[in-house]
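Data block below; observations after.
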Amino acid sequence: MTKPDPVTAVIPVHNAADRLDRVGGWRVALEKAGRAFEILAVDDGSTDGTADKLAARESKARVLRHEKRQGFGACLRTALAEARHPLLFYTALDYPYTPSDVRNLLARIDLKDEVLGRPPDLVSGCRTGLTAPLPLRWGGRAWRLFWRVFSGLPMTAPAPWHGWDHFRYRTRVGWVYGVPLADVNSCFKLYRTAFLRRFPIQSDGDFVHTELVAKATFLTSVMDEVPLTPKPDRPPPVGETRADRRKVFRDPQFTLGDPAATDPGLPTPDGPGPTP
């Protein structure tokens, strides 16, 4: 029986000395998932001793440090350069994600798509639990009913509600960048490491979530989105994205082709890379 692919878990942290107990929850969840794993915590210029406290508290976490705050995307670049496993999962401490939900993502990324016959490059967790405003629920139902009557389209469930700022952001990036996810800003995503190395991560900040999914869409990658454990907590607001949006929109960068062809040590979705 083939062993499941090991996973690198990336957790960017900034002035999180009072929330480091959550890192232990991720360690326990990964231990229960039955895969080899490593945890890379990227301290993004903390000034409250987060890095030292985390290193003392979690011996299984490797702490990487930025001298000054650079942003979520910069943390992913730093971690990707150090990642040693075929799968890369990332999360954050600014929302009470349920660590055990990672097992649903790991299970999904091992399954081949029924139509395309290959496993996903990306599985994203979608936050649930908030109720949309009543006028929006009525309007959405009327819109879906219209298309059901006049075009025969099925009455699909509405997208989860995350607040007006997330709603506007999701609508904008859906039209401009072709992002298909209902919760693109979720910091609960699992990628194939080899896929992430097909292109440079250009974003320094929170736009990185959109950038990676948009590039996956452009490369016709298989992706999926799974619901997370419902929570009554409102997601944190969308961070500043203007500078990164302009950078990625004006000059999107790719390294097309199989990364294993240029780096024999990289694993592929169908097995390990060739040996020298």
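Label point of L136 set 7 angstrom out along Cα-Cβ; within segment 175-189, amide nitrogens under 19 Å from it belong to 175-176, 179-187.
Placing pseudo-labels 7 Å out from each Cα toward the beta carbon at A55 and E114 gives an inter-label distance of 5.1 nm.
Distance between the 7 Å Cα→Cβ label points at N15 and E240: 1.5 nm. Scalar couplings 3J(HN,Hα) for segment 32-40, obtained by applying the Karplus form with A = 6.51, B = -1.76, C = 1.60 to θ = phi - 60°, are 6, 6, x, 10, 5, 8, 9, 10, 10 Hz; x denotes Gly and Pro.
The calculated FRET efficiency for the pair F249 and W164, based on their C-beta separation and a Förster distance of 30 Å, comes to about 0.80. Fewest neighbouring Cβ atoms within 10 Å first, the residues D94, D183 line up as D94, D183. In order along segment 189-195, phi translates into HN-Hα couplings of 9, 10, 10, 7, 4, 4, 5 Hz, rounded to whole numbers, per the Karplus curve 6.51 cos²θ - 1.76 cosθ + 1.60 with θ = phi - 60° and x for Gly and Pro.
We did not get these values from a lab; they are worked out from the coordinates using the rules stated. The structure presented is a predicted model; accordingly, all values stated were derived computationally and were not measured. Cβ sites come from the backbone with ideal geometry, for glycine too, and all protein chains shown count toward neighbours.
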